[in-house]
Amino acid sequence: MGFAHLQQGNIQEAITDFDQALEINPNLPMPYNNRGLAHLYQGNIREAITDFNQALEINPNLVLAYNNRANARLEQGKLKEAIADLSQAIEINPNYAQAYSNRGFIRLQQNDLQTALTDLNQAIEINPNYTSAYYGRGLTRVQLGNEEAAIADFQQAADLSRQQGNMTIYQNAQQQIQQLQ
């Protein structure tokens, strides 16, 4: 029930549900991970990281917790630590497209464009329908001066996001295309 509350935006109810699950069995990693997400959504970064750490203590191979902790660390501006978490997730599961994509976006922020491109290419290779990875690759290609390829990536991101009902990426990709044409 907690995750359903989380998806509906009922953050405090979700936290209560995860607390109850942990009272029943404190040795399960997912309630910690999910409560960490709820804290992250509330902007309680310290609490989120504490929960992700607890989930990883119970299950050191829980790639979701590494990815989520990376997002929390990104909120703190700790890019190096975020990259380390994403790299660990990739080491555990080399087919985890989201970790490649997230790491690519961070490397784009760091202006490490070739490495960002490599990560985003890998995310797309793993999941050819990953709209955010196409969008990120488009941004990277703009920075690299490859506007034609960037437009193609933004168009792919727009097409996929429209099919998937993600209007935010759709609108952002359309704006990027208009700016480049």
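General observations
- Those residues of region 101-112 which are part of a helix (DSSP H, G or I) and surrounded by fewer than 16 Cβ atoms within 10 Å (Cβ to Cβ), in sequence order: 109
- Qualifying position, being in contact with an Asp or Glu (Cβ under 8 Å, 6 or more places away or on another chain) and assigned by TED's automatic domain parsing to the domain that holds residue 135, among 69, 35, 107: 107
- Meets criteria (part of a helix (DSSP H, G or I) and under 23 Å from residue 56 (Cβ atoms)) for residue 98: yes
- So residue 116, is it aliphatic (A, V, I, L, M) and buried (at least 20 other Cβ atoms within 10 Å of the Cβ): yes
- Inter-residue pairs, beta-carbon under 7 Å, first under 15 Å from residue 83 (Cβ atoms) and free of Cβ contacts under 8 Å to residues at least 40 places away in the same chain and in region 116-136, second β-branched (Val, Ile, Thr) and part of a helix (DSSP H, G or I), 6+ apart: 116/140; 120/140
- Among the residues of region 32-54, the ones that are closer than 15 Å to residue 15 by Cβ and crowded, with 21+ Cβ neighbours inside 10 Å come to 12 in all.
- Residue match in region 17-30 (condition: closer than 23 Å to residue 82 by Cα and under 21 Å from the mean Cα position of the chain (by Cα)): yes
- Residues of region 101-116 satisfying the condition of being farther than 17 Å from residue 89 by Cα and under 16 Å from the mean Cα position of the chain (by Cα): 108, 109
- Test: residue in region 10-32 that is of a type in the set (D, E, K, R), in contact with a Gly (Cβ under 7 Å, 6 or more places away or on another chain) and modelled with pLDDT under 95: yes
The values are calculated or read from the model by the stated rules, or taken from the named source; none is laboratory data. Note that the structure is predicted; figures quoted are calculated from it, not measured. Using ideal geometry, Cβ is built from the backbone for each residue, glycine included, and neighbour counts are taken over all protein chains shown.
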